[in-house]
Amino acid sequence: MRGRLAGSILLGVPALFLAALFVLPLLSMVVLSFWRTENYHIIQDWNLGNYWTLATGGAYVTFLIRSLVMALIVSAVSILIAWPVSYAIILYGGRYRLLFTLAFAVPFLTGEVLRVIALQGLLGPLGLINGVLMAMGAAPLRFIMYTNVASAIGLVYLYLPIVVTVIYLSLLNFDPRLIDAAKIFGASPLRAFIEVTWPLNLFGTLIGFALCFIPCLSATLAPRFLGGPNGTLYGMAMAQQFGESGTWALGAAMGVVLFIVSVAVIVAIGTRIDLRRTGFTGLGRS
Amino acid sequence: MKPHEPNRSARGLDRRQLLKTIAAGTTAAIAAPYIRPASAAPTTLRALMWEGYVLPDVIAAFEEKNKLKFAPTFFDGNSEAYNKLRVGGTKDFDLVQADGFWPSLYFREKLIRTVDYGKMPSTKNLFPVFQPEKYKLLTDEKTGVHFGVPFCWGSYGITYNKNEMPPEKAASIECMFDPAFSGRLSTSARFEENIALAGILVATKMGTINKPRPDGKSFNPYHLTDEELAGVEKLLIEQKKLLLTRYQDNATLAQLLESGTIVAAPEFAQVYRQLLNKKAKGEITTDFAHTLIPKEGGLGWVDTWLVSYGVPDGPTLDVCQAFIDTMTSQETMKKIAMASGCSTTIDIRSLSTPEEQTLYLMDRTNELSDMYMFDQPSSPEKWERVWSRMQAA
């Protein structure tokens, strides 16, 4: 009885928390998305106008496609960087493994704005990279100044620590003796990695991918400070609706679309993965 | 307790009542600091304002003198502040800042209240052009009551590198759309001013700027026709290829100009003044100049102090007006000009050197009447579409 009560409290509190701080705001956003704004006033007449605008106004579709491509590239690059880093920490980190992983989290001790502005200073016209190049008499690298490449660098910088940590945690629970077994049976190191290490840690990789992909989709600061005139992404355009232009209802509809796209991406990833093959036990035993 | 209700105290305290009492007590404890009786002097003075106008030493002295805490909340643009006020913000803020036509909108919508110039002696030092009888944007046409005090003013002029751009070119808005400076131009990220400035150029080219307007009033770049807006969109899309970036803050713009990465950008003249100071100290060698009003017409703004509609008559209003009086005193205004780099509505010539008088345009306040004041876009929805299409193009 006491166990059931403790369970109810332990699960009930976060459930209430989620309902109050996530479900309710999301529902209010859904409602708002079916209203409209006129001269900064919310008009409560139910209509699909905002969704029609988002579907037919090419600009918003462009922002979404730009964001999807950006999120895909940034997540893929982050995974490509994070895997060897995490693997190296596991293999060679010894008793300092945790220390190495925590070192990646150091940037999180500062605010996101500060990190992005620091990066702007690094990549900008008077930044470290271009400053050194110009001091050496070379031309500055224009492709890292206020471009989508600069945005991508910023986003990788922002979200790489999360991906490294998740893949590291996944590898931490991995039994390396399985690789030895594969090698004993004649597998090369590459084949052992492709057939044993990679699939058995795929779930961690996918979580890392999702934890990078989803925030990239709604990224605001990096494109705003690093992206330049062609760098407007979906999150930045959405933030504009709630800030300067005061077109809240359209912004709410953009938020709903973003949520749906995010869920769809997660579902799409999930349906193509055999979770049990990856060693994931969160679905219970059959 | 009404006569027909049961006397619960006679039955003792049941569990439900106990829970209700605890809940009510907790709510009251949490809400207490935010609830103030109308007649009591405030313990906190809450302001919705631009960050650049915070002067820590002046505010600390005001806090000490009035035994209260000054709690500012910052915003970046009028529409953001307007939205914050409309969502119940008149209860959350005592003092508000806005510019151009926005205060009159606030007053019409009962977001701000009237003020008494008699309680703010510093207003006697306003330049003539900003006295209520001349500057009409803070006076209700029907009743003649005043609802704000002008504070700082400026334009959205063009700061340019004189070594790279000839002054005759920089005298026109066209310089910001000139392919000869491709990749070496920048504008701010403010969508309203970008559209309005382009609107002046488009209306000039279309010849509609001096023709009768659909609303019967004179030309206002914040009230563009659909044809003019279409022209603006086309122009801004063409301009996008020429821009290095849209700067988010003055520090970035200063870097871009100082490094020679860009040669011109519209701004509020703060960066221009910073650069001129650097030049005077020998820290930079580049010559910069600022076009206050381009030949086609320019945008201007007057920042104002307003009092929220939630402020009742009595001690709170007195404190609000005392604060405005402090902020508009000549000594404070001199500090504000130096710290934020803006021109003041208060005559501080007696406290300024001849160089400062030139730099802060103290003898050019009359030019304000030739500028188009910052205003609310006639249709934020249409303007938002124009801006989004341009960004996506």
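The values are calculated or read from the model by the stated rules, or taken from the named source; none is laboratory data. Just so you know, these numbers come straight off a predicted model, no measurement behind them. FYI the Cβ positions are ideal-geometry reconstructions off the backbone, even for glycines, and counts take in every protein chain you see. These accessible areas exclude ligands, DNA and RNA; they are computed on the full protein's heavy atoms, side chains included. Shrake-Rupley method; radii C 1.70, N 1.55, O 1.52, S 1.80 Å.
Given the criteria within 14 Å of chain B (Cβ to nearest Cβ) and farther than 25 Å from A:Arg224 by Cβ, does A:Arg66 qualify? Walk me through how you get there before you give the answer.
Numbers: within 14 Å of chain B (Cβ to nearest Cβ): yes; farther than 25 Å from A:Arg224 by Cβ: no.
Criteria not met by A:Arg66.
Mind checking whether some residue in the range B:101-121 is among the β-branched types (Val, Ile, Thr), surrounded by 18 or more Cβ atoms within 10 Å (Cβ to Cβ) and farther than 26 Å from B:Glu192 by Cβ?
Yes, the range B:101-121 contains a residue that is among the β-branched types (Val, Ile, Thr), surrounded by 18 or more Cβ atoms within 10 Å (Cβ to Cβ) and farther than 26 Å from B:Glu192 by Cβ.
Could you tell me whether B:Ser155 is surrounded by 20 or more Cβ atoms within 10 Å (Cβ to Cβ), within 14 Å of chain A (Cβ to nearest Cβ) and not aliphatic (A, V, I, L, M)?
no
Give the residues of the range A:96-125 that are loosely packed, with under 12 Cβ neighbours inside 10 Å and of a type in the set (S, T, N, Q), sorted by residue number.
Within the range A:96-125, A:Thr110 is the sole residue that qualifies.
So for the range A:163-175 (the condition being of a type in the set (Phe, Trp, Tyr) and more than 27 Å from B:Glu80 (Cα to Cα)), does at least one residue qualify?
There is at least one residue in the range A:163-175 that is of a type in the set (Phe, Trp, Tyr) and more than 27 Å from B:Glu80 (Cα to Cα).
Any residue in the range B:244-266 that is within 19 Å of A:Asn148 (Cα to Cα) and within 10 Å of another protein chain (Cβ to nearest Cβ) sitting within a Cβ distance under 9 Å of a residue that is assigned to a loop (DSSP other than H, G, I, E, B) and of a type in the set (Val, Ile, Thr)? List the pairs, counting only those 6 or more apart or interchain.
B:Leu244/B:Thr261; B:Leu244/B:Ile262; B:Thr245/B:Ile262; B:Tyr247/B:Ile262; B:Leu256/B:Ile262
Quickly run through the range B:63-81 and pick out the residues that are within 14 Å of chain A (Cβ to nearest Cβ) and either in contact with a Gly (Cβ under 7 Å, 6 or more places away or on another chain) or in a helix (DSSP H, G or I) (or both).
B:Asn78, B:Ser79, B:Glu80, B:Ala81
What number of residues in the range B:333-359 are open to solvent by 10 Å² or more (accessible area, probe 1.4 Å) and either among the hydroxyl-bearing types (Ser, Thr, Tyr) or assigned to a helix (DSSP H, G or I) (or both)?
Selection size over the range B:333-359: 16.
Taking the range A:184-218 only, how many residues are at pLDDT 90 or above and aromatic (Phe, Trp, Tyr)?
Of the residues in that region, 2 qualify.
With A:Gly7, A:Gly58, A:Gly94, A:Gly3 as the choices, which residue is within 21 Å of A:Val256 (Cα to Cα) and at pLDDT below 95?
Criteria check complete, one pass: A:Gly58.
Taking the range B:369-393, which residues are more than 8 Å from every other protein chain (Cβ to nearest Cβ) and open to solvent by less than 10 Å² (accessible area, probe 1.4 Å)?
Result: B:Phe374, B:Pro377, B:Val386, B:Met390.
Go through the range B:338-359 residue by residue and tally those that are at pLDDT below 90 and either within 18 Å of the chain's Cα centre (by Cα) or not charged (D, E, K, R) (or both).
Count: 7.
Within the set of pairs 6 or more residues apart or between chains, which connect a residue that is within 14 Å of chain A (Cβ to nearest Cβ) and of a type in the set (Ser, Thr, Tyr) inside the range B:218-241 to a residue that is open to solvent by less than 30 Å² (accessible area, probe 1.4 Å) and assigned to a helix (DSSP H, G or I) with Cβ atoms less than 9 Å apart?
Close Cβ pairs satisfying both conditions: B:Tyr222/B:Glu192; B:Tyr222/B:Ile195; B:Tyr222/B:Ala196; B:Tyr222/B:Gly199; B:Tyr222/B:Trp383.
Against the condition part of a loop (DSSP other than H, G, I, E, B), closer than 18 Å to B:Lys295 by Cβ and either hydrophobic (A, V, I, L, M, F, W, C) or within 17 Å of the chain's Cα centre (by Cα) (or both), how does B:Ile200 come out, does it pass?
Working: part of a loop (DSSP other than H, G, I, E, B): no; closer than 18 Å to B:Lys295 by Cβ: yes; either hydrophobic (A, V, I, L, M, F, W, C) or within 17 Å of the chain's Cα centre (by Cα) (or both): yes.
No, not satisfied.
Output the helices (runs of 4 or more DSSP H) that fall wholly within the range A:162-244 and possess 2 or more residues being away from chain B (no Cβ under 14 Å), or say none.
So the answer is A:177-184, A:189-192, A:202-217.
Just one of B:Val307, B:Val271, B:Val319, B:Val311 is closer than 17 Å to B:Ala339 by Cα and either among the aliphatic types (A, V, I, L, M) or over 21 Å from the mean Cα position of the chain (by Cα) (or both); which is it?
B:Val271
Can you give me the number of residues within the range A:245-256 that are within 14 Å of another protein chain (Cβ to nearest Cβ) and in a helix (DSSP H, G or I)?
Total satisfying the criteria: 7.
Does the range B:288-297 contain any residue that is at pLDDT 90 or above, of a type outside the set (A, V, I, L, M), buried (at least 23 other Cβ atoms within 10 Å of the Cβ) and in a loop (DSSP other than H, G, I, E, B)?
Among the residues of the range B:288-297, at least one is at pLDDT 90 or above, of a type outside the set (A, V, I, L, M), buried (at least 23 other Cβ atoms within 10 Å of the Cβ) and in a loop (DSSP other than H, G, I, E, B), which makes the answer yes.
Going by the structure shown, is B:Asp313 more than 14 Å from chain A (Cβ to nearest Cβ), part of a helix (DSSP H, G or I) and not hydroxyl-bearing (Ser, Thr, Tyr)? Walk me through it before giving the result.
Values: more than 14 Å from chain A (Cβ to nearest Cβ): yes; part of a helix (DSSP H, G or I): no; not hydroxyl-bearing (Ser, Thr, Tyr): yes.
No, not satisfied.
Out of A:Tyr159, A:Tyr146, A:Tyr168, A:Tyr234, which single residue is crowded, with 21+ Cβ neighbours inside 10 Å and in contact with a strand residue (DSSP E or B) (Cβ under 7 Å, 6 or more places away or on another chain)?
That would be A:Tyr146, the only listed residue that is crowded, with 21+ Cβ neighbours inside 10 Å and in contact with a strand residue (DSSP E or B) (Cβ under 7 Å, 6 or more places away or on another chain).
Residues that are open to solvent by less than 60 Å² (accessible area, probe 1.4 Å) and among the hydroxyl-bearing types (Ser, Thr, Tyr): list the helices (runs of 4 or more DSSP H) wholly contained in the range A:1-95 that include at least 1 such residues.
A:24-33, A:49-56, A:58-92
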